[in-house]
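The values are calculated or read from the model by the stated rules, or taken from the named source; none is laboratory data. Being a predicted model, the structure only gives us computed values, none of them experimental. When we count neighbours, we look across all protein chains shown, and the Cβ atoms used for this are built from the backbone with ideal geometry, even at glycine.
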Amino acid sequence: MTEPLSRPRLAIALAASLLLHLLLFGGLHGIEHSAEPDDGPVIHAALVAPPPPPPPPEPAPAPAARPVPKAPPRVRQPRPAPPVSEPSASTAPATPVSPAEPSATSEHAQADAGTGARDQAGEDHMPPPVDDAVAVKPQDVLPGEAKLEFDVYRGDALRIGETRYHWVHDGQRYRMDTVTETTGLAALLKPLRIDQRSEGEVTDDGLRPQRFSQTSSSGKPADETVLFDWAGSRVMLRSGAKTADEALTPGAQDMASLWLEVIWRAQYGGNFDFAVATGRRYSPRWFVPDEDSSSLDTGLGRLLVKRVAMRAPPGDNQIEVWLAPDLRWLPVRIRYTDRKGDVYDQRVRRIEYDQRTLTATASAPTGSTSPSGAAPAPDSDLPIFLR
């Protein structure tokens with residue numbers, strides 16, 4: 001049986017219960033049940049998609065190649081065969097390829113070699129490309145000495161005379177002589193010989209004539225003289241008793257030196273111009289080469305040529321010249337058209353240069369007709385190349 005509680009134990013239990021109620025009541029009363037919520041900042045949370053990754057940085061632009069200033073082209077020489085490169089000791093040997101399975105590289109190399117062989121077969125008739133990396137100077141382009149002889153025709157078939165050109169230069173100075181005279185029936189009706197000489201300097205920028213003279217065996221046309229004063233930028237003209245003084249422009253030439261200037265300047269490509277002085281006039285000339293080369297039947301055979309048209313002011317004489325790149329760009333045909341429309345055609349018959357001599361097999365080009373018509377009358381106008 002459970003032992004009954006004694007009075008002392010019961011008193012202790014009641015006192016403990018009372019103490020617990022007092023503690024509970026006092027703690028609850030100290031709490032502020034009506035206090036407002038805290039006014040501090042409220043933190044809100046939300047799910048947001050992450051930002052896209054930043055784009056990769058753009059690669060730095062490659063540095064622009066430094067422009068190379070254009071220089072005049074070098075003389076068109078026959079293109080040498082490309083050298084065979086030897087492998088260096090530091091180069092790792094290439095992986096051997098089985099003969100039964102040739103590599104694509106070798107197939108392309110064989111195809112390129114075949115193409116190169118076919119191209120090489122035609123290079124004898126085409127000038128090598130111009131190398132703009134090497135500057136061309138007149139001293140290098142012009143043969144040190146050359147002699148050219150031409151038959152002169154009026155129209156297509158009537159041979160009336162001949163013209164001879166002879167020049168020498170040593171890289172610093174030049175002398176150019178031309179002789180034009182009537183021959184055959186024309187010489188019987190009107191004997192005539194005209195000598196021209198030009199002397200001056202050869203510079204990196206071209207010829208600088210100092211003196212030009214022209215004399216005639218018959219006294220008509222009158223003797224002419226041209227003096228170039230490059231320091232004073234003046235040019236003095238004299239024809240018989242008539243004189244004139246003009247402002248000298250850069251690159252100016254006379255009627256003899258212009259051929260040397262055309263030979264080397266035509267190799268630049270594109271148009272060029274300079275003034276030409278005679279004893280009677282000082283006027284500009286514009287030179288327009290054909291874009292493409294062509295072939296020309298001459299007494300020396302069929303030649304690759306570049307035609308250059310010399311344009312003059314309206315009412316003046318027009319000139320065309322055919323240059324042969326395979327013959328150091330020497331002229332092989334020169335055609336004059338005077339103010340009346342009459343044509344005088346110079347056709348090459350002999351060339352001497354670089355210890356080489358070429359002679360025409362016939363005085364007229366293949367396919368030309370026999371001479372016909374009458375010789376020029378004694379009082380006819382002189383062609384421009386005789387003035």
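Taken over the range 289-317, the criterion of being hydroxyl-bearing (Ser, Thr, Tyr) and surrounded by 12 or more Cβ atoms within 10 Å (Cβ to Cβ) is satisfied by 293, 298. If you check 314, 209, 221, which single one turns out to be assigned to a strand (DSSP E or B) and not hydroxyl-bearing (Ser, Thr, Tyr)? The unique qualifying residue is 209.
Of all residues in the range 184-223, those satisfying the criterion of being surrounded by fewer than 20 Cβ atoms within 10 Å (Cβ to Cβ), of a type in the set (S, T, N, Q) and modelled with pLDDT of 95 or more are 203, 210, 213, 215.
Collect the residues in the range 322-350 that are within 25 Å of residue 170 (Cβ to Cβ), in a strand (DSSP E or B) and out of contact with any Asp or Glu (no Cβ under 8 Å at 6 or more places or on another chain), keeping them in residue-number order. Correct list: 323, 324, 330, 331.
Taking the numbered list (1) surrounded by fewer than 21 Cβ atoms within 10 Å (Cβ to Cβ); (2) in contact with a Phe, Trp or Tyr (Cβ under 9 Å, 6 or more places away or on another chain); (3) of a type outside the set (Asp, Glu); (4) in a strand (DSSP E or B) in turn, residue 226 passes all entries but (1). Would you mind stating whether residue 356 is over 29 Å from residue 186 (Cα atoms), modelled with pLDDT of 95 or more and out of contact with any helix residue (DSSP H, G or I) (no Cβ under 7 Å at 6 or more places or on another chain)? For residue 356, the condition - over 29 Å from residue 186 (Cα atoms), modelled with pLDDT of 95 or more and out of contact with any helix residue (DSSP H, G or I) (no Cβ under 7 Å at 6 or more places or on another chain) - is met. Within the range 289-305, the set of residues being part of a strand (DSSP E or B) and over 25 Å from residue 196 (Cβ atoms) comprises 294, 295, 296, 297, 301, 302, 303, 304. What do you reckon, is residue 343 in contact with a strand residue (DSSP E or B) (Cβ under 6 Å, 6 or more places away or on another chain), among the β-branched types (Val, Ile, Thr), closer than 27 Å to residue 280 by Cβ and surrounded by 21 or more Cβ atoms within 10 Å (Cβ to Cβ)? No, not satisfied. Looking at this structure, is residue 283 part of a strand (DSSP E or B) and in contact with a Lys or Arg (Cβ under 6 Å, 6 or more places away or on another chain)? In short, no. Among the residues of the range 312-364, count how many are out of contact with any Phe, Trp or Tyr (no Cβ under 9 Å at 6 or more places or on another chain) and hydroxyl-bearing (Ser, Thr, Tyr). Here the count works out to 5.
Would you call residue 331 touching a Leu at 6+ places or on another chain (Cβ under 7 Å) and more than 26 Å from residue 226 (Cβ to Cβ)? It is false that residue 331 is touching a Leu at 6+ places or on another chain (Cβ under 7 Å) and more than 26 Å from residue 226 (Cβ to Cβ). For the range 224-254, enumerate the residues that are at pLDDT 95 or above and aliphatic (A, V, I, L, M). Passing the criteria: 226, 227, 231, 235, 236, 237, 244, 247, 248, 252.
The numbered conditions (1) buried (at least 21 other Cβ atoms within 10 Å of the Cβ); (2) touching a Phe, Trp or Tyr at 6+ places or on another chain (Cβ under 6 Å); (3) under 21 Å from residue 346 (Cβ atoms); (4) not small (Gly, Ala, Ser) are all true for residue 163 except (1).
Conditions tested, residue by residue: (1) crowded, with 20+ Cβ neighbours inside 10 Å; (2) basic (Lys, Arg); (3) part of a loop (DSSP other than H, G, I, E, B).
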| site | (1), (2), (3) |
| --- | --- |
| 231 | no, no, yes |
| 235 | yes, no, no |
| 246 | no, no, no |
| 250 | no, no, yes |
| 262 | yes, no, no |
| 267 | yes, no, no |
| 270 | no, no, yes |
| 279 | yes, no, yes |
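So, in the range 267-279, of the ones that are closer than 19 Å to residue 178 by Cβ and of a type in the set (A, V, I, L, M), which residue ends up farthest from the chain's Cα centre (by Cα)? Looking at the filtered set, the residue picked out is 277.
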